[in-house]
């Protein structure tokens with residue numbers, strides 16, 4: 001079988017347990033720069049929380065990567081597996097962007113909204129796996145994640161935890177989204193990872209992992225487009241977005257025809 005040898009784990013820079021403390025003026029998003037946002041007293045509470053929780057994220061990322069990679073060694077479902085922890089800069093820039101979009105017209109932001117913006121980031125731990133063909137995505141997802149990890153390895157779905165909103169963790173099937181603006185195709189789901197980490201004598205945590213399964217072509221394109229569009233801290237021009245859209249649709253078309261060739265020639 002043809003395999004792309006890029007299985008690896010990417011761990012961000014520098015883990016979890018400080019709660020929001022109210023001090024100083026409320027945060028205002030009007031004309032605030034990212035550096036100023038990061039230095040704000042209220043935001044610093046969550047920077048501390050991220051640093052405290054990082055060992056937990058690392059343990060969770062290593063566990064799911066090792067479990068999936070070891071299983072894949074015997075089954076050969078995936079040609080590429082990557083696991084990463086969202087870096088501090090990436091996480092807080094996403095938080096900054098979301099708050100700026102939702103509160104740009106307001107002078108002050110309530111503390112609870114800052115906490116929600118942090119808690120709403122569900123991909124601090126992320127695993128990306130690539131299949132050879134588009135038609136493999138759903139069946140492979142069921143075999144590896146729903147059967148092996150959940151039924152055999154003790155992982156669980158976030159919606160089984162009554163303290164979480166199940167609507168935030170719904171599976172997302174993008175394999176047939178031909179009208180999608182970016183042309184991206186893939187299947188996303190969330191799992192809670194059982195870890196042995198116990199932080200500061202607290203009860204054990206079950207960090208959430210966002211899992212993305214896509215084709216090899218989509219895997220490469222998703223990595224490139226993410227670096228080009230979502231990482232830079234400046235506005236992307238409309239023509240750039242249109243270019244990305246056209247590339248994505250071309251890759252989607254290539255996956256479709258590869259699937260059809262496989263069906264016709266490998267029966």
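Evaluate the following for residue 6: is it at pLDDT 90 or above, under 30 Å from residue 216 (Cα atoms) and touching a strand residue (DSSP E or B) at 6+ places or on another chain (Cβ under 7 Å)?
Working: at pLDDT 90 or above: no; under 30 Å from residue 216 (Cα atoms): yes; touching a strand residue (DSSP E or B) at 6+ places or on another chain (Cβ under 7 Å): yes.
No: the conditions fail for residue 6.
Looking only at the stretch 141-160, filter to residues that are in a loop (DSSP other than H, G, I, E, B) and on the phi < 0 side of the Ramachandran plot; which one of those is surrounded by the fewest Cβ atoms within 10 Å (Cβ to Cβ)? Step through it out loud before you land on a result.
From the stretch 141-160, those in a loop (DSSP other than H, G, I, E, B) are 154-155, 157; that's our starting set.
So of that shortlist, the ones also on the phi < 0 side of the Ramachandran plot come out as 155, 157.
Details: 155: 20, 157: 17.
Ranking the qualifying residues of the stretch 141-160, first place goes to 157.
Which pairs do you get when a residue that is on the phi > 0 side of the Ramachandran plot and modelled with pLDDT of 75 or more, found in the stretch 102-129, comes within reach of a residue that is in a helix (DSSP H, G or I) and buried (at least 16 other Cβ atoms within 10 Å of the Cβ), reach meaning Cβ atoms under 9 angstrom, with the pair 6+ apart or on two chains?
none
Could you look through the stretch 186-210, keep only residues that are within 20 Å of residue 152 (Cβ to Cβ) and in contact with a helix residue (DSSP H, G or I) (Cβ under 6 Å, 6 or more places away or on another chain), and pick out the one that is modelled with the lowest pLDDT?
Here the answer is 195.
Being over 18 Å from the mean Cα position of the chain (by Cα) and either part of a strand (DSSP E or B) or crowded, with 18+ Cβ neighbours inside 10 Å (or both) is the requirement here; does residue 91 meet it? Step through it out loud before you land on a result.
Numbers: over 18 Å from the mean Cα position of the chain (by Cα): no; either part of a strand (DSSP E or B) or crowded, with 18+ Cβ neighbours inside 10 Å (or both): yes.
Spelling it out, it is not the case that residue 91 is over 18 Å from the mean Cα position of the chain (by Cα) and either part of a strand (DSSP E or B) or crowded, with 18+ Cβ neighbours inside 10 Å (or both).
Of everything in the stretch 51-79 that's outside any loop (DSSP other than H, G, I, E, B) and touching a helix residue (DSSP H, G or I) at 6+ places or on another chain (Cβ under 6 Å), which residue is surrounded by the fewest Cβ atoms within 10 Å (Cβ to Cβ)? Give the steps one after another, and end with the answer.
Of the stretch 51-79, the ones outside any loop (DSSP other than H, G, I, E, B) are 51-75.
Next, from what is left, pick out any that are touching a helix residue (DSSP H, G or I) at 6+ places or on another chain (Cβ under 6 Å): 67, 71.
Numbers: 67: 19, 71: 17.
The qualifying residue surrounded by the fewest Cβ atoms within 10 Å (Cβ to Cβ) is 71.
The values are calculated or read from the model by the stated rules, or taken from the named source; none is laboratory data. Fair warning: this is a prediction, and the values are worked out from it, not measured in the lab. Here the Cβ is made from the backbone with ideal geometry for all residues, glycine too, and neighbour counts use every protein chain on show.
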